[in-house]
Amino acid sequence: MPAEVETQLLGGTANRGLVVRVGDTVRRPLRPSSLATHALLEHLERVGFEGAPRLLGIDSQGREVLSYLPGETVTTPYPGWSMTDEALDSVAQLLRAYHEAVADFRPVGLRWAEPVPPEYVTGLISHNDPNLDNVVFRDGVAVALIDFDLAGPGSPLWDVATAVRLWAPLRPDADIHDVRRGRSFTRLRGFADAYGLTEADRLRLVDAAADNHVWCMAYVRHGAESGHPWFHERWTTGESELTDRTNTWFKQSANALHQALLD
């Protein structure tokens, strides 16, 4: 019987070089929070949510086995279709569909990954990392979320803040090196509209995005300080300086960002 052919996938920063495709499956390392993540994926399958991989088991090497979701993820250099307002709208709509699918998931006694700030925890299990390379597209439309490693107790607001911070993106124009430069405020408003964000959450979204940036960069910095090679490379090749610039930008732009959401 021929050996299974493993094709290395990019993986996220934490799993760089450790994620492989085998046929129609993906194999990924287990983590302390894997039982919780698996319970989440099993719930999503039970309720018929098709925008997430299926858990298929554990292989002989002790790796989780997930269904492979065909499509494209957004990595540099960003393709033109991925930067359109239509693509952005579809990400917001996919995130809304995920939140609706997970709304009645009530896990007990599970160990999750990185806790989010308590003021953004409402009982919903949020994805917490809807980065550009964690969304699968087909024909320019977002159809699935992958990499649930950071999933855990959060809220719709926290997920929206995470997504729009990365997809708008929310950072100084000088640090945006693609066609989104100069359009952050417009795309912020567009994402909130496409998601159908409530008025109460619109009032908190700017602060949530700023807090999310601090939370995310603290996670990266901790990984770098703990000796993780890919986090160390990321933190020491400009991420530290970008973090400081973005924190300052959020403070200076807060009023204008609020205005863009509420006009």
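For V65, indicate whether it is at negative phi, surrounded by fewer than 13 Cβ atoms within 10 Å (Cβ to Cβ) and either at pLDDT 95 or above or not small (G, A, S) (or both).
Numbers: at negative phi: yes; surrounded by fewer than 13 Cβ atoms within 10 Å (Cβ to Cβ): no; either at pLDDT 95 or above or not small (G, A, S) (or both): yes.
No, not satisfied.
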Open item on the list: I'd like to know if the range 81-98 contains one or more residues that are under 16 Å from I146 (Cβ atoms), touching a residue at least 12 places away in the same chain (Cβ under 8 Å) and in a strand (DSSP E or B).
Closed with: no
Task: Criterion violated by D85 - all others in (1) modelled with pLDDT of 95 or more; (2) not assigned by TED's automatic domain parsing to the domain that holds S126 satisfied - done: (2)
- [ ] Please specify each residue of the range 249-263 satisfying the condition of being more than 14 Å from A210 (Cα to Cα) and either in contact with an Asp or Glu (Cβ under 6 Å, 6 or more places away or on another chain) or part of a helix (DSSP H, G or I) (or both).
- [x] Q259, A260, L261, L262
Open item on the list: For the list (1) under 26 Å from P118 (Cβ atoms); (2) surrounded by fewer than 17 Cβ atoms within 10 Å (Cβ to Cβ); (3) at pLDDT below 95, I need the number of the one condition that G227 fails.
Closed with: (1)
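Collect the residues in the range 52-76 that are in contact (Cβ under 8 Å) with a residue 60 or more places away in the chain and either part of a loop (DSSP other than H, G, I, E, B) or among the small types (G, A, S) (or both), keeping them in residue-number order. So that I can check it myself, show each step before the final result.
First, the residues of the range 52-76 that are in contact (Cβ under 8 Å) with a residue 60 or more places away in the chain: 52-53, 69-75.
Of everything in the range 52-76, those that are in contact (Cβ under 8 Å) with a residue 60 or more places away in the chain and either part of a loop (DSSP other than H, G, I, E, B) or among the small types (G, A, S) (or both) turn out to be A52, P53, L69, P70, G71, T73, V74, T75.
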Open item on the list: Suppose we keep only residues that are in contact (Cβ under 8 Å) with a residue 60 or more places away in the chain and touching a strand residue (DSSP E or B) at 6+ places or on another chain (Cβ under 7 Å) within the range 37-51. Which one would you say is farthest from D104 (Cα to Cα)?
Closed with: G51
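The values are calculated or read from the model by the stated rules, or taken from the named source; none is laboratory data. Computed from a predicted model, the values in this text were never measured in an experiment. Neighbour counts run over all protein chains shown; Cβ positions are idealised from the backbone, glycine included.
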